[in-house]
Amino acid sequence: MRAFTLDDLKGIMQRAGGIDGASELDVESADTSFYDLGYDSLAVLEIAARIQEDFTVRLSDDMVERLASPSDAISVVNELLAGGA
Amino acid sequence: MTARAAITGMGILAPNGIGHEAYWRATLAGTGGIGEITRFDATQYPSRLAGVIHDFDPASYLPSRLIVQTDLWSQFALAATAMALDDAGVDLASVPEFEFGVVTASSSGGNEFGQREIQKLWSRGPHFVGAYQSIAWFYAATTGQISIRHGARGACGVMVSEQASGLDALGQARRAIRSEARVVVSGGTEAPLSPYALVCQLASGRLSDSADPEHCYLPFDAAARGHVPGEGGAILIVEDVAAATAREARIYAEIAGYAAGFDPQPGGGHSPSLARTITLALADAGIPPQDVDVVFADAAAVPWLDRSEAAAIETVFGPHAVPVTAPKTMVGRLYAGGAPLDVATALLAIRDGVIPPTAGVGELGDGYQIDLVRGDARTARLRTALVIARGFGGFNAALLVRATD
């Protein structure tokens with residue numbers, strides 16, 4: 001299973017929460033919180049739902065609560081993919 | 001001193017026009033917007049015609065962030081709200097936040113969005129249902145989104161009584177004005193063209209199965225055979241008359257009277273209540289029947305409902321005593337958007353002194369004693385209009401608008 005990349009996440013963010021906050025996202029700004037990027041708690045839930053659809057991983061409610069920023073999301077998902085979850 | 005409520009702005013999205021001037025031009029010319037349903041393949045359904053709004057691109061009105069979390073029904077309303085606020089010219093920054101409210105009408109909520117998520121639920125599982133389902137399908141979604149987008153922290157709510165919802169929402173908006181509100185975004189829209197929504201409507205037994213877009217929805221006609229659905233509606237800005245006058249707003253008309261009623265079950269031996277509802281609305285307005293210049297009919301186009309409505313009009317006003325019209329024959333029944341669109345149409349009729357025609361209707365059925373305006377639009381001096389609306393299941397409502405100048 002291939003890794004979950006920032007580009008994958010950007011695509012999901014755009015579909016889940018609209019284009020605006022995701023288009024300028026890069027490695028430097030990936031630590032910015034979702035909230036500061038314009039994605040509220042519902043948008044983060046939606047992003048988590050789309051990740052689970054596209055990458056066949058299961059994100060528990062606890063995990064979703066810990067997704068504060070894009071870089072958090074990338075590391076959590078890749079841990080799950082590596083663990084074969 | 002009881003505050004009075006007036007309408008100072010309108011935003012219309014209708015199958016025959018986007019924007020109130022485009023809609024009004026088309027309506028006066030008798031140009032309709034009914035055709036084949038195009039939002040999905042409806043060829044297998046017994047009813048395939050509807051008033052469809054072509055050329056509505058949500059991205060022209062809304063940021064993508066809002067588009068992904070709303071159904072088309074709310075997108076219509078958000079676009080119409082922007083038009084209506086612009087038309088009213090009210091400076092929202094000057095309205096205290098708790099005096100700015102939103103009361104919309106809804107009949108079926110977010111159909112297309114909800115159906116998509118329900119399909120995911122049953123075909124793939126609960127984890128595939130999107131988070132926005134929680135806010136996109138339910139009746140108050142439009143009110144919520146309008147309130148958030150425009151900072152309306154005052155009285156907010158939604159009225160759900162099928163085609164009567166629009167009048168009930170305006171009645172509620174007037175109540176809010178009489179309480180603490182200075183400005184209320186009201187009216188409503190509907191997006192009833194998804195497979196699930198169409199099946200629900202088919203179950204009512206009231207949809208026309210005609211294949212002729214020009215003669216499918218014929219209220220009071222000898223050949224009446226049901227209605228066609230339509231999408232869109234109207235958002236109306238309701239304002240305290242004193243505040244509107246103080247800012248020198250253009251006031252279309254005052255909401256002079258309103259009443260709601262409920263019909264008994266057919267065949268149960270009790271009389272329908274529409275005549276009483278109309279009488280109550282007139283009493284509320286302090287207007288005698290002879291002062292009403294035009295009636296915008298509910299126009300169900302189902303024979304027993306047409307007879308009931310004509311009987312109520314004849315009882316209250318007398319036979320052939322007042323012009324009656326149903327321009328909704330050009331666009332279909334818009335459910336939660338229907339009565340607001342009728343009210344907006346009444347305001348434009350008053351403004352321009354012309355009654356739009358009822359389209360397609362030829363010979364009236366036996367025994368109808370109503371002056372139904374057909375063919376060309378009819379010039380007339382208009383100050384007071386009655387709008388009637390009935391919702392499936394027994395809801396009925398009547399609302400009177402009256403020019404203030």
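Quick notes on this structure:
- Bins of 5 Å, starting at 0 and running to the largest distance - Cα pair percent for chain A: 3, 16, 31, 28, 16, 5, 1
- Residue exposure sequence - B:390, B:250 - by fewest surrounding Cβ within 10 Å: B:250, B:390
- Here region B:319-405 is described by how far its Cα atoms reach on the three principal axes: 38, 28, 25 Å, from widest to narrowest.
- Computed magnitude of the charge dipole of chain B (debye, nearest 20; Cβ of K, R +1, Cβ of D, E -1): 640
- Most positive-pole-ward Cα, A:35, A:75, A:56, against dipole of chain A from beta carbon charges: A:56
- Going from the residue with the fewest nearby Cβ atoms within 10 Å to the one with the most, A:36, A:72 rank A:36, A:72.
- Zero-based 5 Å bins, Cα pair distances in region B:257-402, whole percents: 2, 10, 21, 25, 23, 14, 4, 1, 0
- Chain B, helix-only ellipticity at 222 nm - DSSP H runs n ≥ 4, -39,500 (n - 2.57), divided by all residues, nearest 500: -9500 deg cm²/dmol
- Whole-Hz Karplus values for region B:309-319 come out as 5, 4, 4, 5, 5, 5, 5, 6, 9, x, x Hz, taken residue by residue from phi with 6.51 cos²θ - 1.76 cosθ + 1.60 and θ = phi - 60°; glycine and proline positions read x.
- Entry for region B:1-69 at q = 0.19, 0.25, 0.28 Å⁻¹: log10 I(q)/I(0) = -0.92, -1.08, -1.15, Debye formula applied to identical alpha-carbon scatterers, no solvent contribution.
- Ordering A:46, B:363, A:53, B:254 from the fewest to the most neighbouring beta carbons within 10 Å gives B:363, A:53, B:254, A:46.
- Alpha-carbon centroid distance for the pair region B:192-210 / region B:326-405, whole angstrom: 23
- For the protein assembly as shown, taking Cα atoms only, Rg and Dmax work out to 24.4, 81 Å respectively.
- Stokes-Einstein translational diffusion, region B:108-149 - Kirkwood Rh over all Cα pairs, 1.002 mPa s, 20 °C, in µm²/s: 200
- Relative packing of peptides B:138-150, B:199-211 - highest average C-beta neighbours within 10 Å first: B:138-150, B:199-211
- Whole-number Å³ per residue for the convex hull built on Cα positions in region B:5-246: 136
- Where labels lie 7 Å past Cα in the beta-carbon direction, separation of residue B:180 and residue B:320 in nm: 5.4
- Table column - 3J(HN,Hα) (Hz), region B:207-224, Karplus curve with 6.51, -1.76, 1.60, x for Gly and Pro: 7, 6, 9, 5, 9, 9, x, 7, 9, 9, 10, 10, x, 6, 7, 4, 9, 4
- In plain terms, if you count all Cα to Cα distances in chain B and split them into 20 Å steps from zero, the share in each step is 30, 59, 10, 0 percent.
- Mean-position separation - Cα centroids, region A:19-65 and region B:4-47, in angstrom: 39
Computed from the coordinates by the stated procedures, all read-outs in this text should not be read as laboratory data. Treat the numbers as computed from the prediction; the structure is a model and nothing was measured. Cβ: placed from backbone, ideal geometry, glycine included. Neighbour counts: every protein chain shown.
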